[in-house]
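**Student:** The structure that follows is given in the form of structure tokens.
Only the coordinates and a few stated rules stand behind these numbers; no lab work does. Predicted, not measured: the structure shown is a model, and the values here were computed from it. Here Cβ is always computed from backbone atoms with ideal geometry, including for glycine, and neighbour counts include all displayed protein chains.
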Amino acid sequence: MIKYGIITGSSRGIGLATAQLLLQDGSTEVIGTSTSGQSDIKAQHFKCLPLELSDGTSINNFVRHIGDRKIDFLINNAAILVEDWHTPEINMQQLRKTFEVNLFGTIALTEALLPQFNTNAHIINITSNWGAFSDPHFDPYQPHYKMSKAALNMYTKLLAKRLEEKNITVSSLDPGWVQSDMGGDNASRPPKAVATEILHLLDTKVETGQFWNEGKVRNW
Ligand SMILES: NC(=O)c1ccc[n+]([C@@H]2O[C@H](COP(=O)([O-])OP(=O)(O)OC[C@H]3O[C@@H](n4cnc5c(N)ncnc54)[C@H](OP(=O)(O)O)[C@@H]3O)[C@@H](O)[C@H]2O)c1
């Protein structure tokens, strides 16, 4: 049976690599998203829809497009990092913008899609080491992004508890430092390596409410 799922932010970086890998063997139908609705992926089992996570109307339109289709997975991958990497001060405008996309929009989308999930579905929130309280190299930089990802990690744990009885798995995944527009060219990991980990997580029955990195459970 063909699996059906959604990956947000499939136009670039980790999302693009994950969509490409998911589509490779023809056993998965993927709905991807970009802010424009455009995509370079041309595949039979792929459709790209427009989604702007800071806009409630855009989220509602996206959910309407999905209709009553039953969903096997949702990968909440789309996110922004709008701040200067070396500034520790809080900028309220940037904090609000970051939370609108990385947290509020991501949660609004997930909540709106909840009635559609199949038993055994998997929701993966792509967060970050920069959202982990246990980061051994913790520093005061990127505060807006770090707070948004820490809060999304808590949502993972809360939603996992809520959906435990329905057998729906909810995970956070820390992809490491990845070569993309967000991570830059000097990053250590190619997007395909993360895509492989995401596919492995989707294919494996794992304990719900865990935080994953390179195929292993990591500390929050
Ligand atoms: N790269 C890293 O080193 C790294 C490290 C830790 C965690 N992560 C996380 O990994 C995930 C993917 O990161 P990436 O490096 O692949 O990012 P990326 O290359 O910057 O791609 C971001 C994706 O998100 C979409 N997006 C941006 N703003 C959006 C909005 N307002 N509404 C809806 N979609 C939006 C983009 O669509 P458009 O093309 O239309 O703009 C694009 O598809 C993110 O959650 C990120 O926080 C990345």
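**Student:** Indicate the helices, whole DSSP H runs only, in the chain that combine a mean Kyte-Doolittle hydropathy of -0.5 or more with a Cα extent along their long axis of 20 angstrom or more.
**Tutor:** Sorted by number, the helices that extend far enough and score high enough are 143-163.
**Student:** Same structure again: Cross-link candidates for residue 216: which lysines have Cα within less than 26 Å, leaving aside residues fewer than 8 places away along the same chain?
**Tutor:** Within the straight-line limit of under 26 Å, residue 216 reaches these lysines: 3, 146, 149, 157, 161, 166, 192, 205.
**Student:** Hey, another quick one. How would you rank 91-97, 171-177, highest first, on the average number of other Cβ atoms within 10 Å across their residues?
**Tutor:** The most tightly packed comes first, giving 171-177, 91-97.
**Student:** Using the Cα centre of the chain as origin and beta-carbon charges of +1 (Lys, Arg) and -1 (Asp, Glu), tell me which of 98, 109, 194 is placed farthest towards the positive end of the dipole.
**Tutor:** Toward the positive end, the furthest listed residue is 109.
**Student:** Run the dipole for segment 129-208 about the Cα centre, Lys and Arg Cβ at +1, Asp and Glu Cβ at -1, nothing else charged, and hand back the magnitude in debye, nearest 20.
**Tutor:** 240
**Student:** In a shell of Cβ-Cβ distance under 13 Å around residue 58, excluding residue 58 itself, what net charge do Lys and Arg (+1) and Asp and Glu (-1) give?
**Tutor:** -2
**Student:** Still on this structure: Taking the Cα centre of the chain as the origin, how large is its charge dipole in debye, to the nearest 20, when only Lys and Arg (+1) and Asp and Glu (-1) carry charge on their Cβ atoms?
**Tutor:** With only Lys, Arg, Asp and Glu charged at Cβ, the dipole is about 460 debye.
**Student:** Further question on the same structure: Identify which of 204, 18, 106 has the largest mean-square fluctuation in a Gaussian network model of the chain, with springs joining Cα atoms closer than 10 Å.
**Tutor:** 204
**Student:** To continue, here is another question. Could you tell me the relative contact order of segment 162-202? Use alpha-carbon pairs under 8 Å, at least six residues apart, and round to a whole percent.
**Tutor:** RCO, segment 162-202: 25 percent.
**Student:** Let me ask something additional. Pick out, from 7, 30, 51, the residue whose Cα sits farthest towards the positive end of the charge dipole of segment 1-70, with +1 on the Cβ of Lys and Arg and -1 on the Cβ of Asp and Glu.
**Tutor:** Positive-most Cα among the choices belongs to 30.
**Student:** Run down the aspartates and glutamates and flag those whose C-alpha is under 15 Å from the C-alpha of residue 47, throwing out any fewer than 8 positions away in its chain.
**Tutor:** Qualifying aspartates and glutamates at Cα under 15 Å: 29.
**Student:** Give me the number: length gained by fully extending residue 133 to residue 192, i.e. 0.36 nm times residue separation minus the C-alpha to C-alpha distance, one decimal in nm. Before the final figure, lay out each step's value.
**Tutor:** Numbers: separation 59, 0.36 × 59 = 21.24 nm, distance 2.66 nm.
Once the chain is fully extended between residue 133 and residue 192, it gains 18.6 nm.
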